[in-house]
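Engineer: My questions will all concern the structure given below.
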Amino acid sequence: MYNPKDKTRKSENRPLASYTYAGRWVTGEVSKNKFPARSMDSRAAYQLIRDEMNLDGNPALNLASFVTTWMEDEAEKLIMESLNKNYIDTEEYPQTRTIHDRLIRITGDLFHAPQAVGTATVGSSEAIMLALLAHKRRWRHKRAAAGQDYSRPNIVFGGDVHSCWEKFALYFDVEKRVIPLQPDKYTIGPDEVAPLIDENTIAVGAVLGTTFSGQCDDFTGINDLLLKLKTETGLDIPIHIDGASGGFVAAFAFPEFLCDFRLEQVKSMNVSNHKFGLVYPGMGTVLFRDESQVPEELIFQINYLGGSMANYSLNFSKPSAMILAQYYNFLRLGRSGYTRIIGNIMKIAAYVEQALADTGKFILLADGGEKYLPVAALRLRDSSRYDVFEISRRLRRYGWIVPAYTMPPNAGEIAVLRIVVREDFSLDMAENFVEDVKRVLGELEENPVKAAVKRNGRHGVC
Ligand SMILES: *Cc1c(COP(=O)(O)O)cnc(C)c1O
């Protein structure tokens, strides 16, 4: 969020049109602070913005993000052709809605939902909010019907969740019960969940591929715990699986892995289509096990665009483009295509991780354990002389954008370097990258430096 008190770059005090352009297309100065008084030639406006974009990193070298940076030409063509369609106008664009509904059924099939109900969203954050709001409301109905207090809902999850889970708790007044991580354990299981749940727990959150290490919470263990609780006490606590990053990975790379609606207490889950659904931002999906999971009053029947339409979302208008692009990918790639692509990026991630571990300088975070994301997550064996923050800073010189961060409590002493492999990161690039890391390590061995600034804020790496 912008705040006028924030420090901005010195150049923000100068007008936009620099002298380079004066005399070519831009005449006069353009303020960066005041609404422009006059029009400008289209070529000039285009060129000004385009040139500023040179200051951004190169998406293909962005090893920080899970979000798609490359799509096929045909997909981009569909995207361009549907940019002018507001998804919410379902009466005007009924076929887009039909395709959306098809996507929900297809995605439900992928994750074994008995009777998938759901919606596309702007991303997983919205999807998670919608799922948890439904659970909160359902819990409240049950409590109210039994004449019990419903003023103190809580939600249980691990410190390995994405920041949007804390956002939900804060914005929607639900007490968060966070299971802290440990220096050698970055996921949660039934033993940690059991003492925190009670009759006011609206849901237990479990992560499929944590942002931090690529590991998974113990779904089967948590499911067994909650099933036992249900049989013994009648208390029926749902699990929501956050498959933002790992959903599409697990479905294709680990199809036998029980991480979805095959587990009885899993009542909802989400995926980010703009991660390994392989479409550009922003699209996510929330899926419910069946209709009974979504209290009716949360679904708005909207009639003012003509016709009547059921809507469950936080935002109203949104683009159609990624819904069509996602359908394109499903048709184009199918199970075999996705399996091939996901298999490749998992192999490249494993290569990078191994090559970096072979330098002797790093320890793998998920050492020995199964990983459900194409990431290499490493920490330094010895960080007394230089640290991962300095390595990250220096890699930027070679164009690589690699985040370094500290783990959430109580593993905050552990600083991690994480590389995400996407489809546009080839084996050649991986080899070059490893060479550059080795070069940086060589420099730092000779002249050890620790980075002055460590980022230690809330976790929102994506
Ligand atoms: C990326 C991510 C999110 C947030 O998803 P968006 O689609 O960016 O809103 C939530 N949870 C996990 C585990 C993630 O990796």
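Engineer: May I ask you to list the lysines whose Cα is less than 16 Å away from that of Lys136, ignoring any residue fewer than eight positions away on the same chain?
Structural biologist: Partners found: Lys167, Lys176, Lys267.
Engineer: Report the dimensions of the stretch 10-56 along its three principal axes from the alpha-carbon atoms, largest first, rounded to Å.
Structural biologist: So the extents along the principal axes, rounded to whole Å, are 25, 21, 17.
Engineer: Over 20 Å between Cα atoms, which of Lys32/Lys318; Lys5/Lys34; Lys185/Lys275; Lys7/Lys450; Lys142/Lys230 qualify?
Structural biologist: Lys32/Lys318; Lys185/Lys275; Lys7/Lys450
Engineer: For Trp25 and Glu296, calculate 0.36 nm times their separation in residues minus their Cα-Cα distance, and state this gained length in nm to one decimal. Spell out each step's value before the answer.
Structural biologist: Details: separation 271, 0.36 × 271 = 97.56 nm, distance 5.68 nm.
Additional length available on full extension: 91.9 nm.
Engineer: Any chance you could run the full-extension gain for Phe316 through Thr339? It's 0.36 nm times the residue separation minus the Cα-Cα distance, nm to one decimal.
Structural biologist: So the chain would gain 4.9 nm between Phe316 and Thr339.
Engineer: Does the stretch 120-237 come out rounded, prolate or oblate by the C-alpha gyration tensor, with a ≥ b ≥ c the root eigenvalues, rounded set by a/c under 1.5 and, if not, prolate when a/b is larger than b/c and oblate if not?
Structural biologist: Taking the square roots of the gyration eigenvalues as a ≥ b ≥ c, the stretch 120-237 is oblate.
Engineer: Do any GluC sites (Glu not before Pro) in the stretch 10-109 lie in a DSSP loop with no more than 13 other beta carbon atoms within 10 Å, and if so, which? Write down the numbers at each step before the final one.
Structural biologist: Working: sites: Glu12, Glu29, Glu52, Glu72, Glu74, Glu76, Glu81, Glu91, Glu92; in loops: Glu29, Glu72, Glu91, Glu92.
Here the sparse-neighbourhood loop sites are Glu29, Glu92.
Engineer: Give me the distance in nm between label points sitting 7 Å out from Cα along the Cα-to-Cβ direction at Tyr46 and Asp173, one decimal.
Structural biologist: My value for the distance between the label points is 5.2 nm.
Engineer: Something else: Which values, in whole Å and largest first, are the semi-axes of the equivalent ellipsoid of the chain obtained as the square root of 5 times each eigenvalue of the Cα gyration tensor?
Structural biologist: Output for the chain: semi-axes of 37, 32, 22 Å.
Engineer: Taking every alpha carbon pair in the stretch 318-431, what does the distance histogram look like in 5 angstrom bins from 0, in percent?
Structural biologist: Percent of pairs per bin, in order: 2, 10, 16, 20, 17, 12, 9, 8, 4, 1, 0.
Engineer: Only loop residues by DSSP count here, and only those with at most 12 other Cβ atoms within 10 Å; note down the chymotrypsin sites (Phe, Trp or Tyr not before Pro) in the stretch 1-93 that meet that.
Structural biologist: Tyr2, Tyr19
Engineer: Within the stretch 168-249, which chymotrypsin sites (Phe, Trp or Tyr not before Pro) sit in a loop by DSSP and count at most 15 neighbouring Cβ atoms inside 10 Å?
Structural biologist: On the way: sites: Phe168, Tyr171, Phe172, Tyr186, Phe212, Phe219, Phe248; in loops: Phe172, Tyr186, Phe212.
Here the chymotrypsin sites (Phe, Trp or Tyr not before Pro) that fit, given the DSSP loop and packing criteria, are Phe172.
Engineer: Could you please state how large a percent of the accessible area of the chain is carbon and sulfur, counting protein chains only and using a 1.4 Å probe?
Structural biologist: Of the solvent-accessible surface of the chain, carbon and sulfur hold 51 percent.
Engineer: Let me ask something additional. Can you list the HN-Hα couplings for the stretch 275-287, worked out from phi with the Karplus curve (6.51, -1.76, 1.60; θ = phi - 60°), rounded to whole Hz and with x for Gly and Pro?
Structural biologist: 9, 8, x, 6, 10, 5, x, x, 8, x, 9, 10, 10
Engineer: If you don't mind, there's one more thing I want to ask. Starting from the Cα-Cα distance between Asp191 and Asn303, subtract it from 0.36 nm times their residue separation and give me the gain in nm to one decimal.
Structural biologist: Working: separation 112, 0.36 × 112 = 40.32 nm, distance 4.84 nm.
Separation in residues times 0.36 nm, less the Cα-Cα distance, equals 35.5 nm.
Engineer: Could you do me a favour and compute the accessible area per residue for the chain, 1.4 Å probe, result in Å²? Don't skip to the answer; put the middle values down first.
Structural biologist: Details: 22990 Å² over 462 residues.
For the chain, the solvent-accessible area averages 50 Å² per residue.
The values are calculated or read from the model by the stated rules, or taken from the named source; none is laboratory data. None of the values given here were measured: they were computed from a predicted structure. In this analysis, Cβ positions are derived from the backbone assuming ideal geometry, glycine residues included, and neighbour counts consider all displayed protein chains. In case anyone asks, the SASA skips ligands and DNA or RNA and just uses the protein heavy atoms, side chains included. Shrake-Rupley method; radii C 1.70, N 1.55, O 1.52, S 1.80 Å.
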